[in-house]
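Read-outs throughout are calculated quantities, based only on the coordinates presented, and are distinct from any laboratory measurement. This structure is a prediction, so every number in the text was calculated from the model and none was measured. Every residue, glycine among them, receives a Cβ derived from its backbone with ideal geometry; neighbour counts consider all protein chains shown.
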Amino acid sequence: MSADLLPAAVEAPVGVAPALELRGIRAGYGRIEVLHGLDLVVPAGSLMALLGPNGAGKTTTLAVASGKVRPTSGCLHVGGRHVNGASPAALTRAGVCRIPEGRGIFPNLTVAENLKLVTYAADVSVAEVTAMTYDRFPKLGQRRTQVAGTMSGGEQQMLAMARALVTSPGLLLLDEISMGLAPLIVAELYELVAALAADGISVLLVEQFARTALAVADYAALMVGGRIVRVGQPADVAAFVDDVYLGGTT
Ligand code: ATP
């Protein structure tokens, strides 16, 4: 990517390591290369939206950042540490958290039981986790005794985020949390995501509704064909979104 596509505003503030730094990443599946030298920097404490048409490689980028897909070349840094080749478990310990597809919640257990279970893997008390969760997600507090599988899609997504936050991640990777949800619920979810970023948790999110993501993000990156073609503040990137989604390249 040329220097003008990576404005200084998207580099990390001086003295603070970026939450995530991907440099020259090539990665794919077997012999099929999907990311062709990807450069992406998520500054610490910021919310970055990763946008692009179907098949651009957004999910693959998140898979590289979480260690699920290993790059064939390039550098991966998390919080300033070089973590090339690290396993998903090692990246989780480094503070990277990706909400699994299907949200990773236990549908037959209540909200409270779902939260309790996740404390076994993290060094926190049930009381601490429930207090923090119900403070951040009041709706989950109201539904603490409800079986998770009977909650609305938006509430289930909140529970998935709440479970992810138990490990106090430094970087949260979100892949299309709006999938199948009504616009009003999506707006509510994104307000919660913005609040997490305001609390200092860095967020990299992939979102099909570009306008929704641009409305809450600090930065946006536009991806086409396995490369970032634009990056900057949402207003700067917004102008190119329609072109890209309609089949252009910038
Ligand atoms: P979408 O918006 O449709 O989810 P995306 O930008 O997230 O797309 P990816 O899911 O990263 O794109 O897919 C990029 C390319 O990699 C696509 O051509 C896809 O078919 C291919 N791909 C993704 N996962 C696999 C896999 N497990 N095995 C082989 N090819 C894959």
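Some observations on this one:
- Bridge type composition, the chain - antiparallel percent by DSSP, nearest 5: 55
- Listed residue (TYR219, ALA195, THR150) projecting farthest to the positive dipole end of the chain, Cβ model: THR150
- 5 Å-binned pair-distance histogram of the chain (Cα, whole percent): 1, 6, 14, 18, 20, 17, 12, 8, 4, 1, 0
- Sequence-distant lysines (8 or more away, or on other chains) whose Cα lies within less than 23 Å of LYS68: LYS58
- Highest average packing first - 175-184, 121-130, 151-160, 41-50, Cβ atoms within 10 Å: 41-50, 151-160, 175-184, 121-130
- Note: relative contact order over region 103-168, using C-alpha pairs below 8 Å and six or more positions apart, is 48 percent.
- Stokes-Einstein D in µm²/s, Kirkwood radius over Cα pairs - region 103-168 at 4 °C with 1.567 mPa s viscosity: 115
- Taking N as the residue count of region 125-226, its C-alpha radius of gyration divided by 2.2 N^0.38 Å amounts to 1.10.
- This model, with +1 at the C-beta of Lys and Arg and -1 at the C-beta of Asp and Glu, gives the chain a dipole about its Cα centre of some 700 debye.
- Among TYR134, THR119, THR167 the positive-end extreme of the charge dipole of region 103-168 (Cβ point charges): TYR134
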